[in-house]
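The values are calculated or read from the model by the stated rules, or taken from the named source; none is laboratory data. Just so you know, these numbers come straight off a predicted model, no measurement behind them. All Cβ positions, glycine included, derive from the backbone under ideal geometry; neighbour counts span all protein chains shown. Protein only, heavy atoms only, side chains kept; ligands, DNA and RNA dropped before computing areas. Shrake-Rupley method; radii C 1.70, N 1.55, O 1.52, S 1.80 Å.
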Amino acid sequence: MAVFPSMEDFLKQCEQSGDTAYAAFRSLLERLEDPKTRPQARIFLSDLHKHVGDSDQCLQNYHFRIQDIFLEQYEGYQGRKKLTMMVIPSIFIPEDWSFTFYEGLNRHPDSIFKDRTVAELGCGNGWISIAIAEKWLPSKVYGLDINPRAVKVSWINLYLNALDEKGQLIYDSEKKTLLDRVEFYESDLLAYCRDHDIQLERIVGCIPQILNPNPDAMSKIITENASEEFLYSLSNYCALQGFVEDQFGLGLIARAVEEGISVIKPMGIMIFNMGGRPGQAVCKRLFERRGFHINKLWQTKVIQAADTDISALVEIEKNSPHRFEFFMGLSGDQPICARTAWAYGKAGGQIAHALSVYSCQLRQPNQVKKIFEFLKNGFHDVSSSLDLSFKDDSVADEKIPFLAYLAGELKGSSSFPYESPAGSKHFRNLIAGFMKIYHHIPLNSNNVVIFPSRAVAIENSLRLFSPHLAIVDEHLTRHLPRQWLTSLAIEGTENYDPSKDAITVIEAPKQSDLMVELIKKLKPQVVITGMAQFEAVTSSAFVQLLDITREIGSRLFLDISDQLELSSLPSPNGVLKYLAGTRLPSHAAILCGLVKNQVYSDLEVAFVISEEEAIFKALSKTVEVLEGNTAPIRQFYYGCLFHELLAFKLTDRRPPAERECEKAKSVEAIGFASSAISVLNDSELSISEEEKSSLIHMDVDQSFLPIPSPVRAAIFESFARQNMAESEIDVTPSIKQFIESNYGFPTDNSTEFVYTDFSQALFNRLILCCIQEGGTFCFPAGSNGNYVSAAKFLKANIISIPTDSASGFKLTEKLLDGALDTVSKPWVYISGPTINPSGLLYSNKEMENILTACAKFGARVVIDTSFSGLEFDLGGWGGWDLGATLSKLTSSGNSSFSVSLLGGLSLQILSGVLKFGFLVLNHPYLVNAFYSFPGLSKPHSTVKYAIKKLLGLNEQKAKDLTDAVADQTRKLKSRSQRMKETLEKCGWEVLQPYGGVSMMAKPSAYLNKAVKIKRTADDDVQNATTYEVKLDDSNIREAIVKSTGLCINSGLWTGIPGYSRFTFALEESDFERALDCIIKFKDIVSK
């Protein structure tokens, strides 16, 4: 290495410019880095310091300055009294801002940095990093700065203080030097630590907080050779960071905090210097909404640097209601806004602002880390909506783990799997586990059925049994149909007519002795009641209810909603204590509505417990027929609560106690309603899976395709938000726009919009309105089989309108004329534009003809758009515009003619796990009739927020969403073609679909052929038995599922003899397996 320059030559080089001065010191750093020349280089620095002194003149003349920073003034300081530090013009020069920050650090106990791994952001010339290492003896301090010159100068200062004036290492009390403890790196905030997988225990930062008045300047590439002015501006200004805090100049700190979350250890602490210009509340919120507890260590006032341009803050004030906070000098105590401060400063006045040091620690670090890990993987835009600030710790303890769980689900699952109508298997297992661990009741998932709400569970249970007389706790009748509560048809009275299949509900007080007296006198077939709090502590009132209902043959549903506590220390519960020792009798079931969460008072899910297999299966199928399913989001939320209660518990090491069985057989209780039995036995409802089976479901109206990013973002944002305004969850304007854009469906001020999770629940309310009116529901052959089953279950008068293959089994004006001619008060169901199950499309002209025919007969038309939105083979289809047709028909046709629009959005906007159904009513009679059945479960506010957001993106044709829709449409078209080819090769006649997720085909080559199939889908050769069947509509579904594990719908479901239905919006591997199953079945039949 070249010899050292003379002092004179060195200073001459420095004198030329800031760049040449920097070059001179960079050469000196190379000598400091070399152990052989290090002592001599350090001695040169000492001589240089003595030669030029410590004055501002040196900075002006030689473009550097070496100065002492005295530390002994800080209370409790035990180390050296001063640090010697060098600065150059292109880096941040220590001033009040950084000294105040160090004062704040000193407010911490001495253990704050001892043996810790620390990073300092924006280290400047490195003095704070070196001071931390000197005073607190951390394991390692990483000084980080985006300015490459700052990093080089920091290394020089490290050697300057790690070596004495003779160039010898200085050792601390642990026999280590500053060189062992401190390192400096060029880094954009925490990029160095993130890229090198360094986990930190402490992060400290003194970061610029004013937007650069020249934003273009900040976009330059930062290099060591950039201009001094540009490099210095990095210390004073920040660029826009894409965070909501940008509006206050705090975007860079916001990014630092979020980067810090990913690299800080769970119990780590962040300490930041915060200028008080945006106001203290804004500064605090930056941390609190990201899940931090904060502690203000220190606050003072400092003079605003004269060379810092605050015009960007003036501009922000001009365009927003926010006002920044400055003071007129250090003694000013009344805040002034940025505009006033700017004017005062221009006039020569000194402006000051508050300066605070905040210490921050994550309240639930592991969960918050999961949340931000999710957000940084393509969901950064959602972070501006995130709010993890909670006044009540119990709310935080519930919501933060849920958000972490939701983030994991949305990140880890490209799609969500099929779940039984009984409810998510995972959720049912959690409920059973809670009962087992906390209340010692040995239940399993097949003892638990999930419902959307307690009201829905009660109404559906009554419809399942259809008792002539039921006694219901008066607190539980609010959502029951009006007719049930006003009927006087009680046995022994003049109004009683056993031939009329009607339900009468008598309201009763909750108190058990009064309830028992009523049961004895009235002998109801079903009793649904809760228990007073004082009676629920022991089991005596429950036993009394069990005994009296057993004696008279009543079904008992006991509601424990008020008593069940989702707590690790639940209060005594007499009912559950009884069930720990005695099996639940066959005539009794436990009902519980879950509403006791800390965050959402309106988020509900319910469950029914029965230890009778027949009841479990019947209730599961009742949910499927009447509700469709229970929204996954409801189950996610409460599932997370149960999981948190079970996660820390060990498995019970004791064997479960032996439980007593029923002591006495009951009088035979009421069975299921005849209409329910018919549907449950004969309809093609979902096939229940065995524990180890892996059925492929081509028999359900769901899409299992990947959920696009905009949908995941909307779901997460809906829960991340707090205090949503009513306008943000009002979906009606968006739905109006949606049906106008897609179908030309007219609405006005009298139009009623009704929402629920699944459109099937809305459809069933329309069935009830039809029954109430004395109408007949008309289904075209080739309709949704579940809807037809629901109409039968609810005892509606129904007819099937024949359709033919020539028209693709579509409804036509001619067919309607023939069918409706003899029908009184017809209600007509139409699936369109995409028809479920065929996948064919109704054109606008076809709909005009159909509606004209319906108007002629005064029919009430229900158009079901739930399966539309993914039309992939348009062929000049042109879409719908029903406005003109409906306007003409409603003004000139039969006054009873009306058209209601039923829909769901899972296909149209690919909402997947986000379930939302809507109904649009345009006729006053229907509105009144509909609301006489009040038990509808409404979508939660978070769902409405997400749906509104997605509908907005859909209307704006946002690229991410439109690309996802186009991609899935292409995929469905490709799959329909592959399905067609595979089915035709295997002997099926295929009806080519043009949209949607389903298609129909006829097994022409198989009908009336005998085939041997195994009784198990698992192909357990040793234990399986075989039996022979002759294939037809009644058994082809069973034959295929038993022999291959593929679930389809037969002609019994489609209503078209011989034509089966296949849904093909499966997860990729399941779709490939489904094709293999079709081929496998062909081979089985061939043998």
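The figures follow:
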read-out	value
In sequence order, calculated HN-Hα J values of the stretch 466-474 (Karplus, 6.51, -1.76, 1.60; Hz; x Gly/Pro)	6, x, 5, 9, 10, 9, 10, 3, 4
Overall Cα dimensions of the stretch 379-511, principal axis frame, Å, largest first	68, 34, 32
Pairwise label distance in nanometres, SER17 with GLU30, each label 7 Å out on the Cα-Cβ vector	2.0
All-pairs alpha carbon distance profile, the stretch 954-1087, 5 Å steps from 0, percent	2, 10, 18, 22, 17, 12, 7, 5, 3, 2, 1, 0
Residue-span extension gain [SER571 to ALA191] - 0.36 nm each, minus C-alpha spacing	131.8 nm
Stretch in the chain that is longest and holds no chymotrypsin sites (Phe, Trp or Tyr not before Pro) that DSSP places in a loop and that have at most 12 other beta carbons within 10 Å	172-647
Net lengthening on full extension, LYS825/SER1086 (0.36 nm per residue, minus Cα-Cα)	89.0 nm
Amide N of the stretch 781-800 lying under 18 Å from the label point, which is placed 7 angstrom from the Cα of GLN483 along Cα→Cβ	790-799
Burial ranking of peptide ranges 312-323, 1029-1040 (average Cβ count within 10 Å, highest at the top)	1029-1040, 312-323
Estimated FRET transfer efficiency (GLU613, LEU646; beta-carbon r; R0 30 Å; 0.05)	0.75
Three semi-axes of the equivalent ellipsoid, the stretch 152-198, Cα gyration tensor, whole Å, largest first	26, 14, 5
Accessible area in square angstrom per residue, the chain, 1.4 angstrom probe	40
Dipole in debye (nearest 20) - the chain, about Cα centre, beta carbon charges: Lys, Arg +1; Asp, Glu -1	1300
Stokes-Einstein D for the stretch 557-654, Kirkwood Rh over Cα pairs, 37 °C, 0.692 mPa s (µm²/s)	214
Of ILE458, ASN377, TRP880, farthest towards positive along the dipole that unit charges on Lys, Arg, Asp, Glu beta carbons give the chain	ILE458
Share of Cα-Cα pairs in the stretch 316-408 lying beyond 18 Å, as whole percent	64
Computed over the stretch 809-903, Cα set: Rg, Dmax in Å	13.0, 38
Centroid-to-centroid separation of the stretch 496-548 and the stretch 270-317 [C-alpha atoms, Å]	63
Largest to smallest accessible area among HIS940, HIS196 [probe 1.4 Å]	HIS196, HIS940
For PHE324, residues with placed amide H under 5 Å, excluding near neighbours	ALA338
Principal axis box of the chain, alpha-carbon based, largest edge first, Å	115, 71, 67
Segment GLU981-THR732, extension gain: residue separation times 0.36 nm, minus the distance between their alpha carbons	85.4 nm
Net +/- balance of residues flanking THR751 in space, Cβ distance below 15 Å, scoring K and R +1, D and E -1	-3
Inter-label distance, nm, simple model (7 Å from Cα along the C-beta direction), LYS1009/SER139	7.0
Considering only the chain, percent of DSSP beta bridges that pair antiparallel, nearest 5	50
Proportion of all alpha-carbon pairs of the stretch 818-975 beyond 21 Å (%)	55
Net +/- balance of residues flanking LYS949 in space, Cβ distance below 10 Å, scoring K and R +1, D and E -1	0
Portion, in percent, of the accessible area of the chain that falls on carbon or sulfur, probe 1.4 Å	49
The chain, helix-only ellipticity at 222 nm - DSSP H runs n ≥ 4, -39,500 (n - 2.57), divided by all residues, nearest 500	-12500 deg cm²/dmol
Long-range amide H partners of ALA532 with built H, under 5 Å	SER512
The stretch 100-205: projected area of the alpha-carbon convex hull, averaged over directions, in nm²	6.6
